[in-house]
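Report on the structure given below.
The values are calculated or read from the model by the stated rules, or taken from the named source; none is laboratory data. Keep in mind it's a predicted model, so treat the numbers as computed, not measured. We place every Cβ from the backbone using ideal geometry, glycine too, and count neighbours over all the protein chains shown. Just the protein is used for accessible areas: all its heavy atoms, side chains included, with ligands, DNA and RNA removed. Shrake-Rupley method; radii C 1.70, N 1.55, O 1.52, S 1.80 Å.
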Amino acid sequence: MQTDVIAAPASRPAWRGLIGFNLLTGIVLGIVGFAVGAWLGGMIGDGLRWVGQSDENDIAIFLGFALGLVGYFGGLGFFNYPISRLLGHPPSLREYDSEGWGRYFRMCTDHKVVGIQYLVVILIFFFVAGFNAMMIRTELLRPSPSIWPADTYLTLVGEHGTMMMVLMSAAVIGPFGNYLIPIMIGARRMAFPRIESMTVWMTLAAPIVLLSAIGLGGFPTGWTGYTPLADQANLGMDSYITAFILAGTALTLVGFNILATVFTMRAPGMTWGRLPLFVWAQVATAILMLLSAPVLVTALLLAVLDRTATTTFFTSGNGGSPYLFENLFWFFGHPEVYILALPGFGVALEILPVFCRKPLWGYGMAVAGMLGIAALSFMVWQHHLFVSGINAPLRPFYMLTTELISVPTGFLFINAMGTLWNARMRLEVPLLFVLAQLFNFLIGGLSGIFLSDTPSDVTLHGSYFVMAHLHYTILGGLGFSLFAAFYYWFPKMTGLQYNMRLARIHFWSVFILFNTTFAPLFAAGILDMPRRAVTYASYLQPINDWVSISAFLLGGSMLLFGINVVYSWAIARKPAVDNPWHSRGIEWQLPTPVPVHNFERLPVIVAGPYDYGVPGALPVMQPEAAAAPAGGE
Amino acid sequence: MADQQLIEGEDIQAAVRNYWVGSRLWIAGLVFYFLAFAFSFLYLRSLNANHMWHPAKVQAPAVWGTAIVAALVVSAIVFTIARTALERNSLSIWRWAALVAFLLALTAAALQIVEYRELGFGPGAGGFASTFVAWTGGVLVVVLGMAYWLETIWATSIRAGTTLADTSRGERRMLAANVEGFGAVWYFVVAVAVATYGLLYWVG
Amino acid sequence: MILRRSGVRIGLVWGVLSAATVLGVVFGLGPHMPPGQGTPQAVDQSTTNTLMTALAAPVLILIPCIFIYCVVNFRQRGAQIQDGPPVRGHGPLQLGWVAITTVLVLFLAGYGTYTLLVTSTGAGGGQGPNPVAVPGGDPLQVQVIGQQWDFTYRYPGYGGVETTTLELPRGQMVELHVTSIDVIHSFWAYQLGVKADAVPGTDNIVYVEPTKLGSFQVRCAELCGIWHGNMTSVGYVVSPSAFRSWIEQQQREWAPVTKQLPPYAPAYYPEPVVRGG
Ligand SMILES: [Cu+2]
Ligand SMILES: [Cu+2]
């Protein structure tokens, strides 16, 4: 085991720490790479007939992004290992830095560092995209454009939607999945730690690339990027495409890595039947990521070709079809919906038994529910295209499969209710968030049934009803589970305690304000307000004003959360007690902070994670496993 | 005892299994990556929008295509020879055959790039032309990635030198697992390339 | 047993609340349920909306009822932590839940399919160039052309005249051919219960039969650029004789323009946008 710490000599001046493979170098080389790429692209474009006719050179932008990303990843040190392998050096894990602040700013293969990096990235851009939402709601105070020009408004909508999709896809699986999965299965690391580290830096780069659209004229398509509207758009569209390619690649790699980890790295005795449901949920999510995100990446690569090489995939006049993009996009887009839901259910079912002091009710059913959702979600994508004019004969099929998804989703609700029933509930903040999450998702899910049924979808498609529905599932469901996970695992991940009072205030304000913000939008949709419109009918102004004001307050309550995070993490730094929730989870049995290699020796798992109240239940793991092989059944 | 060897801070058995599981998962991801191209092909072909799917003047150059796919198939066959040689511990045959397989993959990639210059139609000449350029490009990218992977295996075995001969050693077991995993993906990619060839050059 | 009593109590509260809500939905909300009663298509949509709301309400009430009951009654405070009973599941209950949800869902899918294909010829949704649910008789053909940022209407049966407002005769089955000449729009005639994407190069067919005189709101339901929200206009359902005189007047008024228009076609292929590279 390579645990040797490479400590810097004390005589070295502090600034020398900045030189080397780290974020700073990555940013500098990224900028240099972008400049070189844009210059090269300009040269190439000058030589091409079809570019010469236009004043916009997409080749320069894409090449700039490509070389910029090469510089960025190179500066972070991601090419060192591949190059050493090219030269025949055997596998090693030199990046396994163990100490110091520096490791948070460079490629680090410690999954706990990656988890923290993810958490910070997600929180920062969650607030950026949330601020976007505030600007959107400000504009919607009036029924016609008043604060932002109409094109700026659309760019705001696109930035908010795309950034949230990118972030929320990683919101739970990134920070908590990476941090906890190896610990929960009794492993020392992920199966592919460099890939793991790469995904977090991709997740950082994607929103930044996306934000660059603002400087390139914005993009008008929202997060769905439909053509031919995208073909009309400015160079800002290139930022959207590049950012989404990055995010899609990251999703694929996260899924790949998590599946490999759970398949191969489980400690002895960690049978599939003892796997914590949090891990099961990430496995189901990882399947979706691995299989659906490549389709998105390909679709966007075709869009790149359409914009640079005159291919005609997505324009109808020349042998292509806008429907092709819609199909490819939603083939990813629907599994994506469950990439945005399943991790949250994992958090909920993981946390419920701890605070109910009971075993999880119906473990097998929960696993079946998650895998059932994952399997079905590949067969439903055309419900987004019920009125689009394709495949009318298949509509009953997609209606059936979509509605069938509510069956396995229902499994998870009865798991929750069964666990709550006759519990000895301790109503701590994480449990409050879980209950609110399930409530919100219930509304989101039930409203989804309206959209799954073609006749009612004809009324509701493309209206604010859809927008309210997806915010109930993503923010109300996954977002609330993110808070639950944060309040539950923060003491473990940082060794610090947060302000409990502020957390409770945050809960009540965010729960009430979330519902007062988004519930009226169902009504706005039913009363024929189309999504993404900067102008709307004047009789809808009262609803919109109410929603905007409620949204500002909601933003304020999110700020309470931000204040709590910063205060507890950076300022107060009040140490937390070990295992404050008296959880049986393996992660809580380890010392805080968790040692670099998690386990001194690989543990042997001898009991399930949720045996609360079981007479004579063994502790989950026996740490003194002697030299047993890893990962076996 | 070999099982106690640690590679990358982890028990070697886990590392060996990672190659097996990782390569299979990678195939699963690639299936969906290629599926998007195949779907584009079949979808645009069946729509034939504005009768612009495949104008008669667009002819995929079958000579080049055959050369490319032949290089890939031969590479897979030579790789099989290399792999069998490694299993029989004939290290020098392994080294040469692996090198040839690698060079053949590179040759296929080079031929593909030449073909683009000799195409006779532009990517904008209808749905088929677009799909042709994109799908072959999609295969090309994967072939280059696989060539890189094969090169790392080959280079590792060269650098490891004679220590490889001891089949109980960790390095050797890792290499064997690596070769097995690469083989699974490479056979899959070559099969996809053959199917792509059939669709693009003969179905059209 | 205490738990049984808890179950009965929840059941009672839930039963009363659900019954009241369902009655309210069906008899209070139902007659006003969007998109209204203007066409058989809209009627089917609003019936479906009512049905769905009526079925969702009991679920929406049941689960919070149980949550709240549990939080109130099964709670512990204090420093000493007690564990609950180690119950891991209840086979019949789990099976029953699966059975009930499956039956509900299959019923909804069956009902949706029935409405879609049988009662309202496509339920007002765009069916594409080869519709599966087709009415008998000889429907009035109207082409809806989306462009940034307006809808125009072409009547191929009346010399291919293109108008800027949509008027339809009452009591006549209409066959709308929705298409676009630039980006994707979605033709949304709210009170008619019609929504169909306008996709360039595609003839998206919708059937609708206006049965009530009056106006209807036209909007665009697919993001199509900056003035997407402004793509709104008002259409009218008028008596057959009023329609006749309106369309003749339109033919006269637009005659010079009609001559300039390209010949009527189910879809128009605009010059593809080739990006500047
Ligand atoms: Cu969906
Ligand atoms: Cu629009």
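Here are some notes:
- Accessible surface comparison of A:469, A:506, C:90, probe 1.4 Å, protein chains only, largest first: the order is C:90, A:469, A:506.
- Residues whose amide H lies under 5 Å from that of residue A:574, counting only those 5 or more places away or on a different chain, are A:497; hydrogens are built 1.01 Å from N in the peptide plane.
- Where only alpha carbons of chain C are counted, the Rg and the Dmax (Å): 26.2, 89
- Here the accessible area is traced with a 1.4 Å probe on the protein chains. For chain C, carbon and sulfur cover 64 percent of it.
- Residues in the range C:52-86 reached by a label modelled at residue C:100 [backbone nitrogen below 15 Å; 7 Å Cα→Cβ]: C:55-67
- Dipole in debye (nearest 20) - the protein assembly as shown, about Cα centre, beta carbon charges: Lys, Arg +1; Asp, Glu -1: 2500 debye
- Share of carbon and sulfur in the accessible area of the range A:113-622 stands at 72%, probe radius 1.4 Å.
- Solvent-accessible surface (1.4 angstrom probe) belonging to residue A:104, in square angstrom, nearest 10: 60 Å²
- Of all DSSP-defined beta bridges confined to the protein assembly as shown, some 70% are antiparallel rather than parallel.
- Note, ³J(HN,Hα) from phi for the range C:160-169, Karplus 6.51, -1.76, 1.60, rounded to Hz, x at Gly and Pro: x, 5, 10, 10, 9, 10, 9, 10, 10, x
- C-alpha center-to-center spacing [the range C:1-60, the range A:181-198] in angstrom: 48 Å
- For the peptides C:129-135, A:392-398, A:532-538, the ranking by packing is A:532-538, A:392-398, C:129-135, with the highest mean count of neighbouring Cβ atoms within 10 Å listed first.
- Cut-off under 5 Å, modelled amide H: who pairs with residue C:178 long-range: C:144, C:204, C:205, C:206
- Relative contact order, percent, chain B [alpha-carbon distance under 8 Å, six or more residues apart]: 33 percent
- Taking every protein chain into account, the accessible area of the range A:21-89 amounts to 49 square angstrom per residue (probe 1.4 Å).
- Phi to ³J(HN,Hα) by Karplus 6.51 cos²θ - 1.76 cosθ + 1.60 over the range A:404-412, Hz, x for Gly, Pro: 4, 4, 5, 5, x, 5, x, 3, 5
- Burial of 50 Å² or greater, the range C:187-204 residues [accessible area, probe 1.4 Å, versus chain by itself]: C:188, C:190, C:195, C:197
- Residue B:141 accessible area, 1.4 Å probe, all protein chains in place, Å² to nearest 10: 90 Å²
- Once both labels are positioned 7 Å from their Cα atoms along Cα-to-Cβ, the gap between residue C:26 and residue A:92 label points is 7.6 nm.
- Under the criterion of Cα pairs below 8 Å and six or more residues apart, the relative contact order for chain A equals 14 percent.
- Under Karplus coefficients 6.51, -1.76 and 1.60, residue-wise ³J(HN,Hα) of the range A:207-217 in Hz, glycine/proline x: x, 5, 4, 4, 5, 4, 4, 4, x, 10, x
- Accessible area ranking (1.4 Å probe, heavy atoms, ligands and nucleic acids excluded), largest first, for C:226, B:12: C:226, B:12.
- The C-alpha atoms of chain C define a longest principal axis, and helix C:2-23 lies at about 20 degrees to it.
- Across the range B:101-184, C-alpha contacts under 8 Å between residues 6 or more apart give a mean separation that, scaled by the residue count, equals a relative contact order of 28 percent.
- Taking every DSSP helix (H) stretch of at least 4 residues in chain B, weighting each as -39,500 (n - 2.57) and dividing the sum by the residue count yields a mean residue ellipticity at 222 nm of -26500 deg cm²/dmol.
- Between 0 and 90°, nearest 10: helix B:170-197 axis offset from chain B longest Cα axis: 10 degrees
- Degrees between helix C:40-73 axis and first principal axis of chain C (Cα, 0 to 90, nearest 10): 20 degrees
- Interface burial for A against C (accessible surface, 1.4 Å probe, total of both chains, Å², rounded to 100): 8300 Å²
- If you sort A:240, B:43 by accessible surface, 1.4 Å probe, largest first, the order is B:43, A:240.
- Counting only heavy atoms of the protein chains and using a 1.4 Å probe, residue A:441 has close to 20 Å² of accessible surface.
- In the elastic network of chain C, a GNM with C-alpha springs shorter than 10 Å, the most mobile of C:145, C:66, C:81 is C:81.
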